[in-house]
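The values are calculated or read from the model by the stated rules, or taken from the named source; none is laboratory data. Note that the coordinates shown come from a computational prediction; the quantities given were computed from them, not determined experimentally. Glycine gets a Cβ as well: all are built from the backbone with ideal geometry, and neighbour counts include every protein chain shown.
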């Protein structure tokens, strides 16, 4: 069952809606990027997509600095509760 609305994302991560706001794009754009394997990496948590805050920063850095290779989406490591 997905988390209830207003439930905070795990520490160091943000829900897809928050990531879209942070990047200034629509949620559908993040879905398209994910399908194409570009943009910041996403992972599933409790049935919802989450993005690592560090991945969002790396993506911004890759856009701002042409010397940095473009970021390819890779699944971030998410700790699982024991």
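Structural remarks
- Within the set 52, 73, 82, the sole residue that is modelled with pLDDT under 90 and under 12 Å from the mean Cα position of the chain (by Cα) turns out to be 73.
- Of the residues making up the range 9-24, those that are touching a residue at least 40 places away in the same chain (Cβ under 8 Å) and more than 15 Å from residue 48 (Cβ to Cβ) number 1.
- If the condition is being in a helix (DSSP H, G or I), out of contact with any helix residue (DSSP H, G or I) (no Cβ under 7 Å at 6 or more places or on another chain) and surrounded by 13 or more Cβ atoms within 10 Å (Cβ to Cβ), then the range 33-60 contributes 33, 34, 53, 54, 55, 58, 59, 60.
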